[in-house]
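**Q** Structure provided below as structure tokens; questions to follow.
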Amino acid sequence: MESLPTTMKSERRSRSKPLQSSKPSLVMAFFSCLAWLYVAGRLWEDAENRKLLANLLYKNALQRPKVLTVEDKLMVLGCRDLERRIVEAEMDLTLAKSQGYLKDKLQQSGSSSGQKLLAVIGVYTGFGSRLKRNVFRGSWMPKGDALRKLEERGVVIRFVIGRSANRGDSLDRNIDEEYRSTKDFLILEGHEEAQEELPKKAKFFFSTAVQNWDAEFYVKVDDSIDLDLEGLIGLLDRRRGQDGAYIGCMKSGDVISDEGKSWYEPDWWKFGDEKSYFRHASGSLLILSKNLAQYININSASLKSYAHDDVSVGSWMMGLQATYIDENRLCCSSIRQDKVCSLA
């Protein structure tokens, strides 16, 4: 009987051993799971980091400058040299604008005595105006030897005309032939002589005249008027040395905004709600001093031309320190007895 309890105790002891030995196994399994989750998390994080790093390296590679060849380097150096020269040219141009003349003065012809001319008078003309030119040569405008003697007094007069749209055609040849005979033309090689190009003619005239002659004044005259030449010379002579002079019969007026009407202005909306032109010299006869003509020459490429040349010149003067001189004697339609011009 004593052996039976002993046997039962040993059986219970043998059954409890597996239960006690399974606890460490569960703990180990739990920590293994934690370790697996940690390693998996780190691997996933590392994979994301590697992906992000790969993208950054790819973008960096795209932005990295390419290897320059010898030709590329020479091109870069050439561009830098060109940029330097452009900056220097802009500085020279700024200096010229501030002083009112070109830095490197062009060769200019004056009077035969070497003195500065009083005036260069440009009379606008066209291809079909030969009869008018002959009338002028027989009236107020000298010709031949008389024209040369007038230049010795310091006054140059030239008919001003551009070139035909078809360069070298009969229109150009006729003007060249007339010029060889009379020697009284200023031919604007860069200007196309056409009605629609007339507003641009003033830029070409003043620019070409100031390059060719050194004078106190530059005068633009329409071929629709007659001049009292001696009266004009006297008027200019009394104003010698007056820089910034913008002289003429000053006027204003309504801007025509209706297309198809006479004097229509395509840029009418730029003149404000009142549609009124600013003060400007009448186009029949207007006078600029040398520094104003030089300003036009320097800035001709960027100066805006309107539908009428007198308005265009007036707009160029508005931004300058120009002295506006309203000279009634230059009003060709006035009733003054001492006026220097009259309608032809």
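The values are calculated or read from the model by the stated rules, or taken from the named source; none is laboratory data. Given the structure is predicted, the values throughout are model-derived calculations rather than measurements. FYI the Cβ positions are ideal-geometry reconstructions off the backbone, even for glycines, and counts take in every protein chain you see. Keep in mind that these areas ignore ligands, DNA and RNA; they rest on the heavy atoms of the full protein, side chains included. Shrake-Rupley method; radii C 1.70, N 1.55, O 1.52, S 1.80 Å.
**Q** Not counting ligands, DNA or RNA, and with a 1.4 Å probe, what is R173's accessible surface area in Å² rounded to the nearest 10?
**A** Here the accessible area works out near 130 Å².
**Q** Right, another one. Quick one: how many Å² of S25 are accessible to a 1.4 Å probe, rounded to 10?
**A** Accessible area of S25: about 70 Å².
**Q** What are the semi-axes of the equivalent ellipsoid for region 228-309, taken as the square roots of 5 times the Cα gyration tensor eigenvalues, largest first, in whole Å?
**A** Over the Cα atoms of region 228-309, the ellipsoid semi-axes are 29, 17, 11 Å.
**Q** Same structure again: Can you give the local net charge around N328? Use residues other than it whose beta-carbon is closer than 12 angstrom to its beta-carbon, Lys and Arg +1, Asp and Glu -1.
**A** +1
**Q** If Lys and Arg each add +1 and Asp and Glu each add -1, what is the summed charge of the other residues whose beta carbon sits under 10 Å from the beta carbon of I187?
**A** Result for the local shell: -2.
**Q** So, one more: Return the equivalent ellipsoid semi-axes of region 260-344 as a descending list in whole Å, where each equals the square root of 5 times an eigenvalue of the C-alpha gyration tensor.
**A** 23, 20, 12
**Q** Same structure, new question: In region 114-343, with Lys and Arg counted as +1 and Asp and Glu as -1 at Cβ, which of these residues, G231, V219, I247, has the Cα nearest the positive end of the dipole, that is, farthest along it?
**A** Ranked along the dipole, the leading option is G231.
**Q** Suppose we keep just the DSSP beta bridges with both residues in region 114-343; what percent of those would be antiparallel, to 5? Could you put the intermediate results ahead of the total?
**A** Values: 15 of 36 bridges.
Percentage antiparallel, nearest 5: 40.
**Q** In what order, largest first, do M28, M250 sit by accessible area if the probe radius is 1.4 Å? Walk me through the intermediate numbers first.
**A** Values: M28 125, M250 20 Å².
Sorted by accessible area, descending: M28, M250.
**Q** DSSP loop (so not H, G, I, E, B), at most 15 other Cβ within 10 Å: list which GluC sites (Glu not before Pro) in region 159-266 pass both filters.
**A** Of the GluC sites (Glu not before Pro), the ones in loops of region 159-266 whose Cβ has at most 15 other Cβ atoms within 10 Å are E259.
**Q** Further question on the same structure: Using 0.36 nm times the number of residues separating Q321 and E230, minus their current alpha carbon distance, what extension gain do you get?
**A** Using 0.36 nm per residue and subtracting the Cα-Cα distance, I get 29.8 nm.
**Q** Ranking request for peptides 141-147, 163-169: highest mean number of other beta-carbon atoms within 10 Å first, then the rest in descending order.
**A** Result, highest mean Cβ count within 10 Å first: 141-147, 163-169.
**Q** A follow-up question, please. To check my understanding: the extent here is largest minus smallest coordinate of the Cα atoms along each principal axis. What are those three numbers for region 161-215, in Å, largest first?
**A** Sorted from largest, the Cα extents of region 161-215 read 32, 29, 13 Å.
**Q** Report the convex hull volume per residue for region 114-343, counting only C-alpha atoms, in Å³.
**A** 136
**Q** Note the per residue figure in Å³ for the convex hull of the C-alpha positions in region 141-276.
**A** Convex hull volume per residue, Cα atoms: 159 Å³.
**Q** Another question, if that's okay. With a 1.4 Å probe and every protein chain left in place, tell me how much accessible area F30 has, in Å² to the nearest 10.
**A** My reading of the accessible area for F30 is about 120 Å².
**Q** Could you go through region 194-199 in sequence order and give the Karplus-derived ³J(HN,Hα) for each residue, using 6.51 cos²θ - 1.76 cosθ + 1.60 with θ = phi - 60°, rounded to whole Hz, and x for Gly and Pro?
**A** 8, 4, 6, 9, 4, x
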